[in-house]
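The values are calculated or read from the model by the stated rules, or taken from the named source; none is laboratory data. Nothing here was measured: the structure is a model prediction, and the numbers come from that model. Cβ: placed from backbone, ideal geometry, glycine included. Neighbour counts: every protein chain shown.
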Amino acid sequence: MQKERARERIIMFLCFISLLLTPVLATSQSTAMRVSLNLKSATVKEFFDAVKVQTGLNFIYNTEQVKNIPHITVRSSSQPVNEVLDKVLANTGYTYEIEGNIVTVVYQQPKEKTRTATGVVVDEDGLPLPGAYIKLAKTDHSTIADRDGKFSISLLQQKDPVLQISYLGMMMEEVKAGGDRSLRVVMKSDVKSIDEVVVTGYQEIDRRKLASSISSIKGADLIGGEYLSIDRMLQGRLPGVAVMNMSSTPGAAPKIRIRGSSSITGNREPVWVVDGIILEEPVNISTEELNSPDKINLIGNAIGSVNPEDIERVDILKDASATAIYGIKAANGVIVVTTKQGKSQKPSISYTATLGITAPPTYDKMFRMNSADRIDMSMEMHERGLAFGSYKPSDIGYEGALQQLWNKDITYQDFLQQVQTLKGLNTDWYDLLFRTAFTHQHSVSISGGNDRANYYMSVGYANNQSVTVGEKLERYNVLAKINTRINRNIRLGLKVSGSLSKADRPHSSIDVYEYAYNTSRAIPLRTASNELYFYANAAGYNGNLPYNVVNELNHSGNSNDNSVIDVAINLDWKPASWINFSSILGLSRSHVTQENWADEQSYYISSMRLTPYGTMLPNPLEDPTFAEEKCLLPFGGELLTSNTRHTSYTWRNSLSLMQSFGKHEVSESIGQEVRSSKYDGLQSTQYGYLPDRGKKFVDIDPTIWKRYGALLKNHPDVVTDTKNNVVSLYATAAYVYDSRYILNFNIRTDGSNKFGQSKSVRFLPIWSVSGRWNVINESFMKNADFLNDLAIRASYGIQGNVHPDQTPNLIASLGTLEALPQEYVSTLHKLPNNKLKWEKTRSYNIAIDWAFWNNRIYGSLDVYYKKGVDQVVTKNVAPSTGAMSVSINDGDVENKGWDLAISLVPIQTKNWMWNLSFNTGKNYNKVLNAGNSAVTWQDYISGTLVSNGNAVNSFYSYKFDKLDAGGYPTFKDINEKDEDGNAVVHSLQEMYDRSFVFSGKREPDLTGGFSTYLKYKNITFNALFSFSFGNKIRLNDLYESSGQRLPYPDQNMSSEFVNRWREPGDEDRTNIPVLSDKSLTINDRDVTYRIADNGWDMYNKSDIRVVSGSFLRCRSMSVRYDLKREWLKPLYLKGASISFDAGNVFVIKDKALKGRDPEQIGLGARSIPPQRSYSLRFNITL
């Protein structure tokens, strides 16, 4: 082993020596080269080409200048190349220099005839810039710098000559020439504004040389209102980006789709990148939960830990040319966030505070019954003799008063008085359970720097109350970024960021909004003596179990604690001006703790105990039935704890080359990336919890309380231990000619063990090619003075996606030890598929960019087509295999559409500025091949069905026909036989096709927004509108999905029931069914092919209950005033401003929504629909 290491070191040393000697040897070899030529009346270019063919030498010269050299005749036989060059260039004013295989030819006019300027071109670090383009102003006379950055150029006969020096990636410099002193031109990096560049996370690109589809926005333009995370601020801001803010609950993550859904069963969310590092989610969330429009991620996503005040800019990468470099999940788009960093300036301290309030929901336009309507419904139920079945009415509402009358606890007169009181009660649950929420956010930052180092540091705090009583989110943020120049070649950067957040919410069993929506207003919250009013909610073992929602909130809860720390170190080494090596190492560590608890005083625990709190439990020895068969938890409460630790690292190295040769610019880069992500977690449920007694636990004997023992067995601890490693190689190349024609190429390959063993499926090369034609720079456009920009872009490429839940291997679920056979049990979890491979998306994009009249009107239009192939779908297999399905690459999905962005500046004067912006995107999503997985009727109505020819998240409904003569709903095409008893359907699929009708998509296909910005001197007004069209919404259920026949006394009903069927003939004027105690249950013996459980839920899920989800929302209106500088100078302030913002000002929607917000998720998701908010924002800069 030692001999092998010694041999390796010797070989490395010899290679290093050879690299040092190569330039010297190459120069000597070049001058010793010989050529044999026979050229007659040839141009100098033809001469150079002939020499290159024989020697391999490359010539650098000004093509326009050498055209003035007369044609030459050369005859040589095996003559040294330097002698031939001396002869040809003699008396022409040109000299040459040979370095390696490069021959630099420059013009050197004699000093006695004309003036000459000489000098050197270097960058800010003093490194020479070979190939820098030097042009004499007002002429076509130019030259280029040699490999040492030196140049010499004739000044002709100009009186006050000016030289224009340009170089790729540098700002153009103009210097006066004409003196005898040699010039030293220091070129500065072209630090462009956000409007001139885009950031991809791997590189920064001049927008004028961009061929990809990328939308950008400043971080300052997103800030405003009460939102705590940048993802929610993107709604309506950028074309092709659909942001669905379905909840105003603090910390809830929106669902984001960039150019539609690119996967059938995989993750459809975009990739988040912050300062070049791909973010991972804090906890593993299933793709079904992330994709489902009925689920909300209350834990938050990865970007939720970033303080919006620290964000400099956001770039959305949409097409394959922009996203291919990211490999995995690139098909869903990439959102690149760049945080602020220090600048070369004196220290600057900034403080920003936002104080806001959010209005609670109210009964206005809710279409809920008041107390009088609800009591009238109960009275009709009694008068008609309708029965609840097995349910026993409690002592609440009309039924409770009636029970007291029957029991002779009250007189008839008292009964009438109680009914009258109930009709006027009108308990305002929204007022009692919700509040005007107060939010305050604070951020302090300090930044500065000089020519050797810069820094940016910030501290942030946010306290965001929810409108739900007792619900809030607190977050702390810190960020420190330091960049320093070690020497003129090496720069080093360090970034440290951290976040702590804590969210307090109601217990997972409580949906406060749903409770207020569905609870009768004829029930009081408190008694006349201000004590909590309990009503019987269910039957216990020996009596009813009392319920009060405030008591439930007080004796249960849910909390999420999230801590994140990120460290990144980046190194940039520039050994020469045209070469750059960069390395970045990022480490991230997060810890999420979730607690869901309830004590023994809660109804949640009472329902497990089956006795009200405070009552003596039956003795298990005297009543063994209670302990062995009924009682789940005899003592204490429940504590469910989940701890998830996530550790990830990213290490990326890249080598970039960049050269310019006159009108030619060439850049290349190669790199490698290693990423690792590991989740460790433990979920545990503990019983007997006593939170008010030091958080201790009761020791319960499972041998006595046998039902409790079964509960323990069914809730074992769950350990999470997953690791994902990705190794990637990538390369990019770009060529620019004369700033007119741009060509880009990207390629990346990722390797993953989530796929089959064959290299053909384990490694997927993801690549793209794109081009741009800057039409505005063509000579024929010189007279088009009204045009500032006109360009055409096009791209094609392959994007990739990986389904996180898939594996090529057979997966067995290893169980615990079975006591009786004393054997460990394993069950089949997934069937193997060694040919499982990546999901791929072929993407096409063509676009046009324009700007007119001094950029008063500018915009872009992109048209795209994406086809996802090899989509992971499930295929049915024979039950004899041990499973019902296997995952295969057999699906195809299509997305096509366009993105449009237009900005207009109608007014731009000294005191006035008015800007209008409009953006929109249209996406047509269609599943081309859905596979043949088994589907159920629940898939049809819920929107989880994936079917050919329809969009992902399409849903179906029953075909409502009419109310019959008795007021009951009837439906079309649900009969399996005709009137003669002959079968009209012969399979389950035929029954589905016959009985269901397509209702639409749950996700919009046309989204966008528009804004107006008006400024007069120091006063600025902003307004932002967002819109969404094309999706459909199913109205909230009128009946219990289980088929409840009559509303229970504690239930409120929709005010639609006021217009219900009451007597024969009403079926002609209404479609609201009759009050009935019929179950309308569909029994198995009555059908061969089941399509529903009962007729009431069929009515809930019928097409008559489907309405448009399109809307136009005024997201915000704000006014800002910037204090005058002369006022601030005595206070030693650099700037100060105050602004007022109104959020969710109004929404225009379909009246058929009956008060429901079009962005509101269905009931039961523990979230609040968007609410109106107001905020004051203060900013002070020292």
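Give the residues of segment 284-319 that are part of a loop (DSSP other than H, G, I, E, B) and at pLDDT 80 or above, sorted by residue number.
Looking only at segment 284-319, we keep the residues that are part of a loop (DSSP other than H, G, I, E, B), and these are 284-286, 292-296, 298-301, 306-307, 318-319.
Passing the criteria: 306, 307, 318, 319.
Looking at segment 459-474, which of its residues are assigned to a strand (DSSP E or B) and either of a type in the set (Val, Ile, Thr) or in contact with a Lys or Arg (Cβ under 8 Å, 6 or more places away or on another chain) (or both)?
Narrowing segment 459-474 to residues assigned to a strand (DSSP E or B): 459-465, 468, 472-474.
Matches in segment 459-474: 459, 460, 461, 462, 463, 464, 465, 468, 473, 474.
With segment 490-577 as the region, which strands (runs of 3 or more DSSP E) entirely inside it contain at least 2 residues that are among the polar types (S, T, N, Q) and either surrounded by fewer than 19 Cβ atoms within 10 Å (Cβ to Cβ) or touching a Pro at 6+ places or on another chain (Cβ under 7 Å) (or both)?
Working: elements: 490-505, 535-539, 544-547, 556-576.
It comes to 556-576.
Kindly indicate the residue of segment 121-143 that is surrounded by 19 or more Cβ atoms within 10 Å (Cβ to Cβ) and aliphatic (A, V, I, L, M) and also farthest from residue 93 (Cα to Cα) among those meeting that condition.
122
Grab the helices (runs of 4 or more DSSP H) fully contained in segment 358-447, keeping just those with 1 or more residues being over 51 Å from the mean Cα position of the chain (by Cα) and of a type in the set (S, T, N, Q).
On the way: elements: 371-383, 397-406, 412-423, 429-433.
Qualifying helices (runs of 4 or more DSSP H): 397-406, 412-423.
Mind listing just one residue for me: the one in segment 675-718 that is over 28 Å from the mean Cα position of the chain (by Cα) and among the aliphatic types (A, V, I, L, M) and, of those, farthest from residue 589 (Cα to Cα)?
The initial filter retains those residues of segment 675-718 that are over 28 Å from the mean Cα position of the chain (by Cα), namely 684-718.
This time we only want the ones that are among the aliphatic types (A, V, I, L, M), so: 690, 698, 700, 704, 710-712, 718.
Working: 690: 32, 698: 35, 700: 38, 704: 45, 710: 37, 711: 35, 712: 33, 718: 21 Å.
By that ranking, first place goes to 704.
Does at least one position in segment 1108-1130 carry a residue that is closer than 23 Å to residue 352 by Cβ and part of a loop (DSSP other than H, G, I, E, B)?
Within segment 1108-1130 (the criterion being closer than 23 Å to residue 352 by Cβ and part of a loop (DSSP other than H, G, I, E, B)), the answer is yes, since at least one residue qualifies.
Hey, among 218, 255, 209, which residue is charged (D, E, K, R) and closer than 16 Å to residue 292 by Cβ? Break it down stepwise before answering.
Working: 218 fails: closer than 16 Å to residue 292 by Cβ; 209 fails: closer than 16 Å to residue 292 by Cβ.
Going through 218, 255, 209 in turn, the sole match is 255.
Residue by residue, here is whether (1) at pLDDT below 95; (2) at positive phi; (3) small (Gly, Ala, Ser); (4) over 42 Å from the mean Cα position of the chain (by Cα) holds:
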residue	(1), (2), (3), (4)
618	yes, no, no, yes
621	yes, no, no, yes
626	yes, no, no, yes
640	no, no, no, no
660	yes, no, yes, no
663	yes, no, no, no
666	yes, no, no, no
673	yes, no, no, no
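Name the residue that is farthest from residue 745 (Cα to Cα), counting only residues in segment 205-228 that are of a type in the set (Gly, Ala, Ser) and part of a strand (DSSP E or B). Before the answer, list the steps.
Here is the first cut: in segment 205-228, the residues of a type in the set (Gly, Ala, Ser) are 211-213, 215-216, 219-220, 224-225.
Still in the running and part of a strand (DSSP E or B): 215-216.
Details: 215: 20, 216: 21 Å.
The qualifying residue farthest from residue 745 (Cα to Cα) is 216.
Going through 1142, 1152 one at a time, which residue ends up being more than 29 Å from the chain's Cα centre (by Cα) and either at negative phi or in a strand (DSSP E or B) (or both)?
Working: 1142 fails: more than 29 Å from the chain's Cα centre (by Cα).
After ruling out the rest, the residue left standing is 1152.
Being touching a Ser or Thr at 6+ places or on another chain (Cβ under 6 Å) and among the charged types (D, E, K, R) is the filter here; which residues of segment 422-450 pass it?
Correct list: 423 only.
Suppose we filter segment 872-903 for residues that are modelled with pLDDT of 70 or more and in contact with a His (Cβ under 9 Å, 6 or more places away or on another chain); how many remain?
Number satisfying all stated conditions: 2.
It is to be established whether one or more residues within segment 246-253 are outside any loop (DSSP other than H, G, I, E, B) and either of a type in the set (D, E, K, R) or at pLDDT below 75 (or both). Reasoning before the result, please.
Restricting attention to segment 246-253, the residues satisfying the condition of being outside any loop (DSSP other than H, G, I, E, B) are 253.
Of the ones still in play, those that are also either of a type in the set (D, E, K, R) or at pLDDT below 75 (or both) are none.
Within segment 246-253, none of the residues are outside any loop (DSSP other than H, G, I, E, B) and either of a type in the set (D, E, K, R) or at pLDDT below 75 (or both).
Within segment 614-625, count every residue that is under 13 Å from residue 543 (Cβ atoms) and either surrounded by fewer than 17 Cβ atoms within 10 Å (Cβ to Cβ) or of a type in the set (A, V, I, L, M, F, W, C) (or both). Reasoning before the result, please.
Step one: of segment 614-625, the residues under 13 Å from residue 543 (Cβ atoms) are 614-618.
Those still in the list that are either surrounded by fewer than 17 Cβ atoms within 10 Å (Cβ to Cβ) or of a type in the set (A, V, I, L, M, F, W, C) (or both) too: 614-617.
Residues that pass the stated criteria total 4.
Is it the case that some residue within segment 985-995 is at pLDDT below 95, assigned to a loop (DSSP other than H, G, I, E, B) and in contact with a strand residue (DSSP E or B) (Cβ under 8 Å, 6 or more places away or on another chain)?
No - not one qualifying residue is present in segment 985-995.
Within segment 938-955, count every residue that is within 18 Å of residue 1094 (Cβ to Cβ) and touching a Phe, Trp or Tyr at 6+ places or on another chain (Cβ under 7 Å).
The number of residues fulfilling the criteria is 3.
I need the full set of residues from segment 1073-1095 which are without any contact (Cβ under 8 Å) to a residue 60 or more places away in the chain, of a type outside the set (S, T, N, Q) and farther than 23 Å from residue 993 by Cβ, in order please.
Of everything in segment 1073-1095, just one residue is without any contact (Cβ under 8 Å) to a residue 60 or more places away in the chain, of a type outside the set (S, T, N, Q) and farther than 23 Å from residue 993 by Cβ, namely 1085.
For every residue, the table says whether it meets (1) buried (at least 16 other Cβ atoms within 10 Å of the Cβ); (2) within 19 Å of residue 838 (Cβ to Cβ); (3) aliphatic (A, V, I, L, M).
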residue: 896; (1), (2), (3): yes, no, no
residue: 899; (1), (2), (3): yes, no, no
residue: 907; (1), (2), (3): no, no, yes
residue: 911; (1), (2), (3): no, no, no
residue: 915; (1), (2), (3): yes, no, no
residue: 918; (1), (2), (3): yes, no, no
residue: 922; (1), (2), (3): yes, no, no
residue: 925; (1), (2), (3): yes, no, no
residue: 934; (1), (2), (3): no, no, yes
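I need a count of the residues in segment 964-984 that are polar (S, T, N, Q) and part of a loop (DSSP other than H, G, I, E, B).
Narrowing segment 964-984 to residues polar (S, T, N, Q): 970, 975, 982.
Adding the requirement that they be part of a loop (DSSP other than H, G, I, E, B) leaves 975, 982.
Of the residues in segment 964-984, 2 are polar (S, T, N, Q) and part of a loop (DSSP other than H, G, I, E, B).
Please work out which one of (1) more than 28 Å from residue 867 (Cβ to Cβ); (2) among the aliphatic types (A, V, I, L, M); (3) touching a strand residue (DSSP E or B) at 6+ places or on another chain (Cβ under 8 Å) is the condition residue 316 fails and give its number.
(1) is the only condition that residue 316 fails.
Just to be sure before I move on: is residue 1132 over 30 Å from residue 990 (Cβ atoms) and surrounded by fewer than 19 Cβ atoms within 10 Å (Cβ to Cβ) in the structure I sent? Even if it seems obvious, please write down each step before you answer.
Values: over 30 Å from residue 990 (Cβ atoms): yes; surrounded by fewer than 19 Cβ atoms within 10 Å (Cβ to Cβ): yes.
Answer is yes for this residue.
Can you find even one residue in segment 718-737 that is part of a loop (DSSP other than H, G, I, E, B) and either surrounded by fewer than 18 Cβ atoms within 10 Å (Cβ to Cβ) or at pLDDT 90 or above (or both)? Quick ask: steps written out before the conclusion?
Taking segment 718-737 first, the residues part of a loop (DSSP other than H, G, I, E, B) are none.
Within segment 718-737 (the criterion being part of a loop (DSSP other than H, G, I, E, B) and either surrounded by fewer than 18 Cβ atoms within 10 Å (Cβ to Cβ) or at pLDDT 90 or above (or both)), the answer is no, since none of the residues qualifies.
If you go through segment 330-352 one residue at a time, do you hit one that is touching an Asp or Glu at 6+ places or on another chain (Cβ under 9 Å), within 24 Å of residue 837 (Cβ to Cβ) and assigned to a strand (DSSP E or B)?
Yes: one or more hits.
Among the numbered criteria (1) in a strand (DSSP E or B); (2) more than 30 Å from residue 241 (Cβ to Cβ), which single criterion is violated by residue 1023?
Every listed condition holds for residue 1023 apart from (2).
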